[in-house]
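Report on one structure; see the data block that follows.
Every number in this text was worked out from the coordinates using simple rules, so none of it is lab data. For clarity, every value in this text was computed on a predicted model and none was experimentally measured. For neighbour counting, all protein chains shown are included, and Cβ atoms are generated from backbone atoms with ideal geometry for every residue, glycine included.
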Amino acid sequence: TSRDKSWDTLCVNFPRSLYEIGLYLQTLLFGQDGVPQKRMPALILAATMPLLAESSLPRDCARTVPVVIIGNGPSGICLSYLLSGYTPYLDPVAAHPNTILFRKLQESKQVPITEQDLEYLCEGLEGRSGNPVAVLFDTLLHPNADLGFEFPSLLQWRLEKKRHIPHLVLGKATPGGAWHTMEGSMLTISLGIWMELPGVNYRDLTLGKRRGASNDRATPEEISSYYKNYVKLMSLQKNFVDNTYVTSVQKLHRSHENSLGNEKGTISDQVYSVKNGFDYCNKNGTENGQTGIRNGSMNEIRNRTENTGMGEIEEEKGENRGGKEVRESFGVSQGLSQGLWEVRGYQQFQGATNVPFSLFAENVVLATGASDSPARLVVEGEDLPYVFHNVRDLGVAVSCNLGPSSDPVLVVGAGLSAADAVLCALNHGVPVLHAFRKRADDPGLIFKQLPKTLYPEYHRVYHMMCSQAYQSTPAGNTTTPSPSLFPDYTSFPEHCVLSFQPDMHCVMKGSSGVLKALKVSMVLVLIGSYPNLFFLKEKGQYLGLDPSRPISYKQNPIDINPYTFECNAEPGLFAMGPLIGDNFVRFLKGGALGIASCLLRRLKQMNKNRLIGEEGGRGREGSRGAGGFV
């Protein structure tokens, strides 16, 4: 491409989703003014090259699925479990310590929890989550857990095929999500049993690894292994597509849906002509020299998804599952959807080969977590090579050349990730400087909420934060000698970073106004993270409680209906987990209950309406016959 062409001219023939990604990258590089640059650097074109293949994906290669779940962490896994037909009932021999809740459950004890009035069951319940269904599901799975009890679950799970809703779970790696990438030496905040998902006891898969009755926390390696094995044990593999990157999710307007129906007869005709899963446009099998990869991936996905049976959700009455009846069960008029969504992206194979896909979904669930994009200080020098934003980078450094003789590591932040970094450095003999904005005795610090017996390592960090603080010299005082650093750890409460210099000095300012320049070997900025929802319009910002701010699980979660988890700003789009403020596995499972309950309720209503329509049709035929109509 000649360099005198503008970016707008360059993008005329590109699909809109790719154009938006280009503008997003441009914003990252050139600020928020949104003015297109006349000459874009080659970096942006190179960054979008893996996605260019999308433009060659014909529209008729798409297919429709009832539910697409974006994210294969514990949120997506748990929802897949419920959508696969696993149904919770009240255990007939169980009793709940909450007598009011137990009496409500007894009123409909033969009815699955997913078909009961969740709002009614949630009334009066209190817990550590702000989402009522999350508190309900937690107290059913782990009654009185906050009081230290280990009462048995009140739920009994039954696999009922008639409640199965076909779905796909798209994830960037193998099932388990971010747990595969966490620092392996840490321990989880939650107890191991709180990390488990319905149907499989965590301890049964981690025999011999229990650390004692007083400290039954787990390592990320144990948790990621549990989630991976869980998918296999529950036979959920057919629903999961790994190494998948979603690049665009767009709501189709009604006119667009109609045009698609005119082109291909109906969307539902597409569904049943190719079954459930991805379509890689493998008609001739000769595109771009990727015949083997496309054939292999297509066959693998078809083999996995054919066994799901798109007609399994029909009532078990021996109805004909082919032809017209099957198509009606999951077409555009299926009844679960509030419109259609187009989901685009690519799947990565060995050799860094990216194979694009495009599909339609009647419902989309956002289960991506909220740790994709680390929060930044936005100060001078933050992009220098010695400044990092992930604890894993410290683990790499200490295994290479960082040690006791190195200059101190600067950790910025006062949360648990920052504490993990402090512990990692100290365990390898690396001196630490620890800067944070709050006072050391601030009541809002997370350490004050953690029991000492369960979290001794975090209280060790908190004790050092309070007892080994840097004593600032008052501004203008030239008689007081300059304070020295502690040999292993020095905290800098009420300090903010002003800049990072190329000579590996960090400039900070304390509450007294005095500037300090400290020599460091490495900087870790660990002040939180944001979800990366670039594939949605406005990066998903319009979905938040405050549409003017980015989505954040603490400051601005996605605004949902608290009982269905459907986005208030977008029917047919659901959110769960950290995106709505539930950052602990223990509570994000409630999102799966709410979403599954909502979809099953709509399915039941759809089946009821269809039966009424069939009876009405037979009645009209009878009346015509009686009157002599042919």
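Each residue of the range 544-561 is assigned a 3J(HN,Hα), and the resulting list reads x, 4, 10, x, 8, 10, x, 5, 8, 5, 8, 8, 8, x, 5, 7, 10, 6 Hz, derived from the Karplus form 6.51 cos²θ - 1.76 cosθ + 1.60 (θ = phi - 60°), x at Gly and Pro. Entry note: the range 406-544 has Rg to Rh equal to 1.03, where both radii use alpha-carbon atoms and Rh is the Kirkwood radius. If you take all other residues with their beta carbon under 12 Å from the beta carbon of Leu600, and give Lys and Arg +1 and Asp and Glu -1, the sum is +3. Taking amide H as placed 1.01 Å from N in the peptide plane, Asn363 has its amide H under 5 Å from the amide H of Val67, Val68, each at least 5 places away in sequence or on another chain. What the phi angles of the range 530-537 give under the Karplus curve with 6.51, -1.76 and 1.60, with θ = phi - 60°, is a coupling list of 10, x, 9, 10, 4, 6, 9, 5 Hz, glycine and proline written as x. Taking every DSSP bridge with both residues inside the range 421-565, close to 70 percent are antiparallel. Database remark: amide H of Glu566 closer than 5 angstrom to the amide H of Asn561 (H placed geometrically; neighbours at sequence offset of 5 or more, or on other chains; Pro and chain starts carry no H). Close amide H pairs (under 5 Å, H built 1.01 Å from N) link Thr87 with Arg158, Leu159, Glu160, residues at least 5 positions away or on another chain. Note on Leu252 and Lys448: the model spin-label points, each 7 Å out from Cα along the C-beta direction, lie 5.3 nm apart. A Förster distance of 22 Å, applied to the separation of the beta-carbon atoms of Lys519 and Leu384, puts the FRET efficiency at 0.95.
Net charge of the neighbourhood of Val135, taken over other residues with C-beta under 15 Å away and scored Lys/Arg +1, Asp/Glu -1, is -2.
Give Lys104/Lys539; Lys161/Lys589; Lys109/Lys161; Lys238/Lys604; Lys452/Lys589; Lys109/Lys608 a once-over and call out the pairs whose C-alpha atoms are over 30 Å from each other. Result: Lys104/Lys539 exceed 30 Å. Extension gain, Ser511 to Asp441, is 23.7 nm, computed as 0.36 nm per intervening residue step minus the present C-alpha separation. Projecting label points 7 angstrom from Cα along Cα→Cβ for Asn607 and Gln471 puts them 7.4 nm apart.
Here the calculated FRET efficiency for Val200 and Phe486, from their Cβ-Cβ distance with R0 = 41 Å, stands at 0.30, rounded to the nearest 0.05. Backbone phi angles across the range 434-450, fed through the Karplus curve with coefficients 6.51, -1.76 and 1.60 (θ = phi - 60°), yield HN-Hα couplings of 10, 10, 7, 7, 7, 5, 5, 9, 4, x, x, 5, 4, 4, 6, 9, 9 Hz in residue order; Gly and Pro are listed as x.
In a fully extended conformation the segment linking Arg376 and Thr99 would gain 94.9 nm over its present Cα-Cα distance, using 0.36 nm per residue.
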